[in-house]
Structure formats: structure tokens, C-alpha cells
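Engineer: One structure is given below, represented as C-alpha cells, and several questions about it will come after.
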Amino acid sequence: MKQIRSLQVLETVNLMAGGYPHRMRFKAFNSRYRLLAPFSKLRRCEEKTMEDCRLILTCLDEKQNLKQPTSQVSTSWAFGKRHIFLSEGVRQQLESVRWETRHVAAVLIQSTWRGWRLRRRWPTLKRNLELHQASNGNSVGVNVLG
């Protein structure tokens, strides 16, 4: 019985039966979902992991309220000594917002890369097109490139 108490098995079972089927250590939660909170507000130190978890969940609530202002956002989570316990609904919201944030970041990176690459290649493309026009005898006509 001492082992069960020391491992907090009963508390964990009660929390999971009470509607919190997912649990994560604070550090794992922070590393997975830290992109949902502003970087400048995160503490990023071992002693403040619970505060960072609270900040991330608060930012999740704000994002969900902006997206659906009339709906009630589920705030079903609980903090333990070493773990954060999440309901299925909150975990799905976290994953959805995380996927959306990563997708927006990926599109931004891709568009920036493509723009930079095209700006770098444009002088060569323009010169080749002008040479092609000149070789076809279109140098007197309308300039396509402007």
C-alpha cells in the first residue's frame, strides 16, 4: 500500500476517472505546446514550468474565444505535482491550434523562400528572355518585360 501511495496511483486513477484521461509532465507539455504562447512571456526555466503551462492554456482560451466568441471553451485541466491532466476536449483543441499554428508558419517560410529564390533568379530570367526576343527579331516591337 505504501508503494501505491508513493507512486500516487490512486490520485491518478481518480483524476483519469474524473474526466482527465491525458496526462503529461510539465516539461513535455511546454516543449510540445510552447508555440501557442508569445515567446516573450514564457519563462523557459525549470522552476517556472507550471506557470508556463498556465500561460499556454490561457493563450489557448484566448485564441478559442477569438475564433468562436459565443461558444463556451472547455477549461478542463488540472495541475498535479509533476503532471498536467487534460480532458479529451482540451487535448484536441491544443492539437488543433498547434497544427494550425505550425501550418501558418510553414506557409510563411515557404513563401519567403520562394520569393527570395525568384528575386535572385529574376535578372537571369529577364536577360534570357531579352536574348530570346532579340534572336527572334522582336527587339523593335513591344517590350514584354517593361
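Engineer: Please state, to two decimals, what the Cα-based radius of gyration of the range 2-135 comes to when divided by 2.2 N^0.38 Å (N = residues). Display every interim value, and only then the final one.
Structural biologist: Values: Rg = 23.4 Å, N = 134, 2.2 N^0.38 = 14.1 Å.
Dividing the Cα Rg of the range 2-135 by 2.2 N^0.38 Å gives 1.65.
Engineer: Using Cβ counts within 10 Å as a stand-in for footprinting exposure, how do His22, His103, His83 rank, fewest first? Don't skip to the end; give the middle numbers.
Structural biologist: Values: His22 17, His103 10, His83 20.
Going from least to most buried by this count: His103, His22, His83.
Engineer: Considering the options His132, Ala106, Asn30, tell which one lies farthest towards the positive end of the dipole of the range 2-135, charges being +1 on Lys and Arg and -1 on Asp and Glu at the Cβ, about the Cα centre.
Structural biologist: The one lying farthest along the dipole's positive direction is His132.
Read-outs throughout are calculated quantities, based only on the coordinates presented, and are distinct from any laboratory measurement. Note that the coordinates shown come from a computational prediction; the quantities given were computed from them, not determined experimentally. Here the Cβ is made from the backbone with ideal geometry for all residues, glycine too, and neighbour counts use every protein chain on show.
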